[in-house]
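So the structure is just underneath, and the comments pick up after that.
The values are calculated or read from the model by the stated rules, or taken from the named source; none is laboratory data. All values derive from a computational prediction rather than experimental measurement. All Cβ positions, glycine included, derive from the backbone under ideal geometry; neighbour counts span all protein chains shown. Areas reflect the complete protein model, heavy atoms only, side chains present, ligands, DNA and RNA absent. Shrake-Rupley method; radii C 1.70, N 1.55, O 1.52, S 1.80 Å.
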Amino acid sequence: MSDQARDILRTVFGFPSFRGEQEAIIDHVSDGGDALVLMPTGGGKSLCYQLPALIRPGTAVVASPLIALMKDQVAALRQMGVDAAFLNSSLTPSESYQIQRAVRESRIDLLYVAPERLLTEPFLELLDEIEIALFAIDEAHCVSQWGHDFRPEYLQLDQLKERYPGVPRIATTATADGPTRKDIVERLGLQEARRFVAGFDRPNIRYSVVLKNSPKQQLLSFIQGNHPGEAGIVYCLSRRSVDETASWLSEKGLRALPYHAGMGAVQRQRNQDIFQGQDGVIMVATIAFGMGIDKSNVRFVAHLDLPKSLESYYQETGRAGRDGLPANAWMAYGMADVVRIRAMLEASQAEDSHKRMEMQRLNTLLAYCETARCRRQVLLDYFGEDLPEKCGNCDTCLVPVETYDGSQEAQKALSCVYRTGQRFGAGYLIDVLRGTPNERIPRFGHDRLPTFGVGADLSKKEWSSLFRQMVAGGLLRVDLEGYGGLQLTAAAAPVLRGEEPFQARRDPSGRAASASKARPQATFEETPENQSLWEALRDLRLKLARRQNVPPYVIFHDTALAEMVSRRPQSLPEMLTITGVGQTKLDKYGEAFLQVLEEASEEQDQAESNTSKNLSISAGVL
Ligand code: ADP
Ligand code: ZN
């Protein structure tokens, strides 16, 4: 079995070896076993069902929620010579009929369908007629109401188990905390399935969080400084800020497009196609965008507003750097975001238990923002994984955050909150603490409080940071039923009484911004010759892609092109050893790419002999 799998891996997919748990999963499913696969985005989940689909007799049926994703996955498989197809509402009746006929005639190895179609009676009848290799349920977290992407039609997928008892089922997802995992197992009837939980670490992603002051300008400097001309995603909370940010970036000369649910479906699809199919486009989007984005060379994901939870944050940032090359996850955050999200949660119609859970999730996220620890350690902790060493590739590792014992400051602040009646916001409280003249203070008699002016030694900025940290740390909460004043929580009492310390972090000054400076490097040496070869290979790829109307990366990933630049294959057999070059792609494109490589090396020889000629001439003159 394993030999056959390895053989297909090399000849069809063009990969030299399996990654992580892929081999174990593929063996298990090819043998007829059920599996639940948790792997981070970019971990290589698709291979876990695509390869068994080719090993097992019959047609593999893949339930996948997104039409755009199906189209690209199928295009990518066809490039490798795999008989793949999809059935969804984007097809004409006659196209759809052709594919069903091909399925009936056993000419399709992998069939992608939307879950709502999969469960229609006509489709199930079609399945009754054929041999089914396996069922794959992609984005399986959609079955859970806890997840961020619940889709009711997923609930019906439990029928598959009853109706096709002998057919192995594999459910895959990149995102599932405890409750979501439990839901997947229960609702899809996967109690017997073997679980594969792959490492969640994405070492090539550099995480950083900056304090928000002028968000658009900060974003612009981040992009210009780190990612000129590269593809990225910018997430904003509201449609309005999506539109504003996209047009602002465009005014500054960047290629930025908006994406949100308030736009027409046609325009939205068009922007998504441009992002997916062209190089160097920035997508400014609400979270409506992204699930199933299969673009491997997204170089950065930026959050201008807080995501909903640490879980969504990890999922959203996971769209960066799927090709394994360096990428940045950058977030700007400030106190106002916290207040706004809390207010949205409070106002929602959800049940109390649900709200409480959401609040908890928000608090976990805030703790991440305010941490002085390695951010990767905090993230992996959350997913139940242990990273013993600091990662060295996040802002707090690169520019360590200074912490100090802020117990006294916290006591002053908390006591000020208490004595002013727990109804004022941070701005007013800071004025009282610093003894700043403010006409309201004497009106309330707060200039006579013992806390008046006790905090004059800290700046306004330092106090805001402390208040933010106390909210993030759960010592204070924002009263949203009243006027948004700060109130003490139960956790404040021991700090106030001096029984528990309060460890504070000093906001890094401008230094943090340069922490993410490291530009992602392709994996070849950056000489002018290499650079121009790289461009030539990309041009060829783009030309081939345009001709077939597919995104460039389904021809070859950036990583494959970079490997060609660094290793300079000179023959078809050498070309076959490049990661991502399988037999079909070799047959289709090998010659064309070899020719570009050959031209480049001729030019280089020419240039070198000119230089040596010049050298010998000057040597002669001397
Ligand atoms: P996921 O669905 O888990 O987000 P994909 O299945 O899209 O990830 O895989 C991510 C990338 O990794 C793809 O570009 C894929 O071609 C590549 N990949 C997957 N498995 C391997 C492997 N064994 N060797 C090299 N590249 C791989
Ligand atoms: Zn770190």
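Of note:
- Accessible area of C48 in the full protein assembly, 1.4 Å probe (Å², nearest 10): 0
- Take every Cα pair under 8 Å whose residues are at least 6 apart in sequence, average their separation, divide by the length of the chain, and the relative contact order is 14 percent.
- The lysines whose alpha-carbon is closer than 19 Å to the alpha-carbon of K212, local same-chain residues fewer than 8 away aside, are K308, K460, K461, K517.
- Y382 accessible area, assembled protein chains, probe 1.4 Å, Å²: 70
- Helical runs assigned H by DSSP (4 residues or longer) give the chain a calculated mean residue ellipticity at 222 nm of -14000 deg cm²/dmol, each run adding -39500 (n - 2.57) before division by the residue total.
- Relative contact order for the range 220-315: 42 percent, from Cα pairs under 8 Å spaced at least 6 residues apart, divided by residue count.
- The residues of the range 181-286 expose on average 44 square angstrom of accessible surface per residue, using a 1.4 Å probe on protein heavy atoms.
- Projecting label points 7 angstrom from Cα along Cα→Cβ for R440 and E251 puts them 3.2 nm apart.
- Between I67 and E121, the modelled labels are 2.5 nm apart [label points 7 Å from Cα along Cα→Cβ].
- For the pair E153 and Q487, label points projected 7 Å from Cα toward Cβ lie 4.4 nm apart.
- Net charge over other residues, Cβ less than 14 angstrom from the Cβ of K588 (K, R count +1; D, E count -1): +3
- Extended-chain gain in nm, criterion 0.36 nm per residue less alpha-carbon gap, K182 and R538: 123.7 nm
- Accessible area in square angstrom per residue, the range 329-448, 1.4 angstrom probe: 49
- Counting only DSSP beta bridges with both residues in the chain, the antiparallel share comes to about 10 percent.
- Residue-level accessible surface for D149, protein heavy atoms, 1.4 Å, Å²: 30
- Lysines with Cα under 18 Å of K252, excluding same-chain neighbours fewer than 8 positions away: K216
- Accessible surface, 1.4 Å probe, highest first, among residues K212, K588, K45: K588, K212, K45
- What the Cβ-Cβ distance of R356 and T403 gives, at R0 = 25 Å and to the nearest 0.05, is a FRET efficiency of 0.25.
- Accessible surface of the range 261-309, 1.4 Å probe: 51 percent of it comes from carbon and sulfur atoms.
- Cα centroids of the range 1-42 and the range 50-124: 20 Å apart.
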